[in-house]
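Below: the structure, in structure tokens.
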Amino acid sequence: MFDANDYIIEVNKLSEGSNAFEMKADKALFDNFQYPDISDAAADISIKVVKNDKLIELGFVFKGELKVVCSRCLNTLSIPVDKQTALYVKIDDVDKKSSTDGILEIDVDQWLLDENETKMDLSHYIYEELVTLIPIAPVHLHAEDCDKGMLEKLDAVNKTENKETDPRWDKLKELL
């Protein structure tokens with residue numbers, strides 16, 4: 001079950017200098033953001049947080065795997081997770097009109113955190129970083145890993161569909 005508190009860092013409790021956190025991402029995280037393409041997930045996230053007076057640097061290390069459906073054979077496909085990213089959070093005055101939660105995303109890896117904000121929710125950032133690892137059309141690296149029965153059915157369908165062509169296309173092919 002998803003618990004948003006698992007992804008919150010309390011900024012006011014960070015000590016100056018280096019801090020470390022461990023988090024986990026599972027299917028519940030993706031369900032929370034209504035992303036149905038993940039059938040299962042197990043990723044460990046190590047976060048090194050360095051806090052200075054007006055800047056917080058977060059270094060993320062993602063390790064684990066995501067399970068999705070292969071676009072070719074519809075079987076489960078494991079996508080390895082091995083990624084490092086960084087997020088820079090500047091502490092300053094944030095206009096309340098532009099941000100309801102005290103955080104303003106300046107860029108993909110840069111946030112502006114209101115100086116009066118005590119918490120920082122990393123769930124959406126972690127979700128986005130993991131989703132970017134999923135290809136548009138995920139397929140097994142080798143066709144041998146796909147479901148043989150499904151590949152045979154696809155070949156049979158392709159053979160029957162390729163026999164009938166529109167005569168207008170045949171005329172265009174003659175131009176080549």
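A few notes on this one:
- Distant-in-sequence amide contacts of Gln110, defined by a placed amide H-H separation under 5 Å and a gap of 5 or more residues or a different chain, comprise Tyr88.
- Segment 45-88 and segment 91-151: distance between their alpha carbon centers, rounded to Å: 9
- Packing here is the average count of other Cβ atoms within 10 Å per residue, and on that basis the peptides 104-116, 6-18, highest first, run 104-116, 6-18.
- Per-residue HN-Hα couplings for segment 133-145 [Karplus 6.51, -1.76, 1.60; θ = phi - 60°; Hz; x = Gly/Pro]: 7, 8, x, 4, 10, x, 9, 4, 4, 10, 4, 5, 7
- Within segment 20-68, the ratio Rg/Rh, alpha carbon atoms throughout and Rh by Kirkwood, equals 1.12.
- Database remark: amide H of Val139 closer than 5 angstrom to the amide H of Ser71 (H placed geometrically; neighbours at sequence offset of 5 or more, or on other chains; Pro and chain starts carry no H).
- If R0 is 45 Å, the Cβ-Cβ spacing of Ile8 and Leu74 corresponds to a FRET efficiency of close to 0.75.
- Here Val81, Val89, Val157 are placed in order of increasing Cβ neighbour count within 10 Å, fewest first, which gives Val157, Val81, Val89.
Read-outs: derived from the displayed coordinates by stated rules, not from any lab. Everything numeric here is computed off the predicted structure, so don't read it as measured data. Every residue, glycine among them, receives a Cβ derived from its backbone with ideal geometry; neighbour counts consider all protein chains shown.
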